[in-house]
Amino acid sequence: MNLTAISTLLIENKIFANPRRIALLNAIHQTGSISKGAKLAGISYKAAFDAVKDMNLLAGSTLVTSEKGGKGGGGAELTRFGLRLVQMYELLNQIQDMGLKALNDESAPLDSLLGVMSRFSLQTSARNQFFGRIGSIERHSCMIALRLHLPTHIVSMLRSPMAVR
């Protein structure tokens with residue numbers, strides 16, 4: 001199954017951010033101009049200007065600041081909030097993609113967002129990264145048994161920093 005998810009953020013049932021608007025914000029950030037950003041995003045200047053105006057109004061906070069053109073030319077840039085919106089939107093897309101992968105992977109747990117994310121996130125090291133559940137904890141001997149999704153169990157003995165001295 002080849003599912004695709006598209007994020008649309010609404011404020012008071014009005015479109016605030018969607019893939020097209022985020023692409024516009026990225027293009028404005030890249031070019032430093034609403035008109036050049038519109039061209040890069042494949043939309044008209046009026047549509048871009050209206051989208052930026054809408055987003056600024058809906059957010060109640062400025063996403064894009066601009067200076068009018070003229071002889072020296074104008075310019076536009078994303079505010080800190082605008083940059084954070086783009087970053088957050090990209091994170092939402094990554095989480096959605098992981099969720100769709102989990103749907104097609106029978107061994108992926110769907111009862112925990114953290115579980116899905118750890119299953120499909122880039123792992124920088126294989127060391128100490130196992131996906132499983134705590135099977136048992138024996139307090140008197142400081143042993144923890146992990147149940148993995150494989151026919152394997154891991155048992156670990158823990159020492160307190162005080163015992164290492």
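The values are calculated or read from the model by the stated rules, or taken from the named source; none is laboratory data. No experiment lies behind these values; they were computed from the predicted model shown. Backbone-built Cβ (ideal geometry, glycine too); neighbour counts: all protein chains shown. Surface areas here come from the heavy atoms of the whole protein model, side chains and all, with no ligands, DNA or RNA. Shrake-Rupley method; radii C 1.70, N 1.55, O 1.52, S 1.80 Å.
For the stretch 70-89, the set of residues classified as in contact with a helix residue (DSSP H, G or I) (Cβ under 8 Å, 6 or more places away or on another chain) and open to solvent by 60 Å² or more (accessible area, probe 1.4 Å) consists of Glu77, Phe81, listed by residue number. All of Gly82, Gly72 fail the test of being farther than 30 Å from Met1 by Cβ and modelled with pLDDT under 90, apart from Gly72. Being among the hydroxyl-bearing types (Ser, Thr, Tyr), out of contact with any Cys (no Cβ under 9 Å at 6 or more places or on another chain) and without any contact (Cβ under 8 Å) to a residue 40 or more places away in the chain: is that true of Ser33 here? Criteria not met by Ser33. Right, Leu25: outside any loop (DSSP other than H, G, I, E, B) and open to solvent by 50 Å² or more (accessible area, probe 1.4 Å) or not? Against the criterion (outside any loop (DSSP other than H, G, I, E, B) and open to solvent by 50 Å² or more (accessible area, probe 1.4 Å)), Leu25 does not qualify. Of all the criteria given as (1) under 26 Å from Leu91 (Cα atoms); (2) part of a helix (DSSP H, G or I), the one not satisfied by Ile43 is (2).
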